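Nothing in this text is a laboratory measurement; each read-out follows from the coordinates by a stated rule. Being a predicted model, the structure only gives us computed values, none of them experimental. Cβ: placed from backbone, ideal geometry, glycine included. Neighbour counts: every protein chain shown.
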Amino acid sequence: MGYNPENYFENPGNLFGELTRQVLDADSLTRFSEIIQGAAERLGYSHFAYHMIRSSALETGEKRLSLGLTNYSDDWLSHYRDYNYVNQDPVVNQVMTGKQAFRWSRAFRDTEFERRQAEVMADARDAGIFDGVTVPLKSHNGEVASLTFVRGEAPNGNVERLIELECLLAEFLHGHIRQHVLREEYKHKLRRKGSILSPRETQVLTWAAQGKSSWEIGQILGIAEKSVEFYADSAKRKLDASNRTHAVVKAVALGLIE
């Protein structure tokens, strides 16, 4: 038996109560993806895309760097990246210039796309991405975010009245998931650079987080105080931290130490 999205419009507490329990128990991006996909399906959508773009690209004109979560097919994601569609995508451009949620079919109804923009939308339809609702989200620390719910076929029924609920859902999920996405992206960047903390650096920061001095850490680990300083300095460089306390805070935030 399928879900009736209208039920959630009439009783949004049912959806949000269920999601709150799921989100609070989630401990991985895979689980968060499953939660968003489940919410999208309950509202009658087949796909979703939680998308963040570093807005330094807005000021410098550099290539937009995107990250986030989605259940789009691997083929579509590869095609999208290979053709650098993030820089021509009309949906992304609308997110960057507007603040209101929008349904693609209505927002772009009378739009004459440039050639590359038309290619993005045509290729999306070929990939089964027919129409969607995109909700721009509050930006923090220089990123622009959005959550999109996508249909693989033409919408039917009174879908417009669901946009208010979809906005509330997007804000709710963004508030819980944003930091996890950024954390995983930063950890991935560290791995790419070969900058994940060594076991000894992890030990030093773990004890530093408990307020131990370099001498005390050396006694605990059975190494010289100068060695403790060496490992602490190495960890600071890897984490781009200004001092040991800053390194500890970053390591905890990234889940590198407890």
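Summary table
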quantity	calculated
Virtual spin-label span in nm between GLU34 and HIS246, 7 Å along Cα→Cβ	3.9
Counted charge near TYR231, where neighbours are those whose Cβ lies closer than 9 Å (Asp, Glu -1; Lys, Arg +1)	-2
Within-15-Å neighbourhood charge of GLU119 [Cβ basis; K, R +1; D, E -1]	-2
MET96/ARG237 FRET efficiency (R0 30 Å; Cβ-Cβ; nearest 0.05)	0.30
Segment GLU18-HIS79, extension gain: residue separation times 0.36 nm, minus the distance between their alpha carbons	18.5 nm
For peptides 170-179, 39-48, sequence by mean Cβ density within 10 Å, most packed first	39-48, 170-179
Under 10 Å, Cβ to Cβ, from LEU137 - net charge with Lys/Arg +1 and Asp/Glu -1	+1
Principal semi-axes in Å for region 180-258 [√(5λ), Cα gyration tensor, largest first]	22, 12, 10
Packing-based ranking, highest mean first, of 26-37, 202-213 given that Cβ atoms within 10 Å are counted	202-213, 26-37
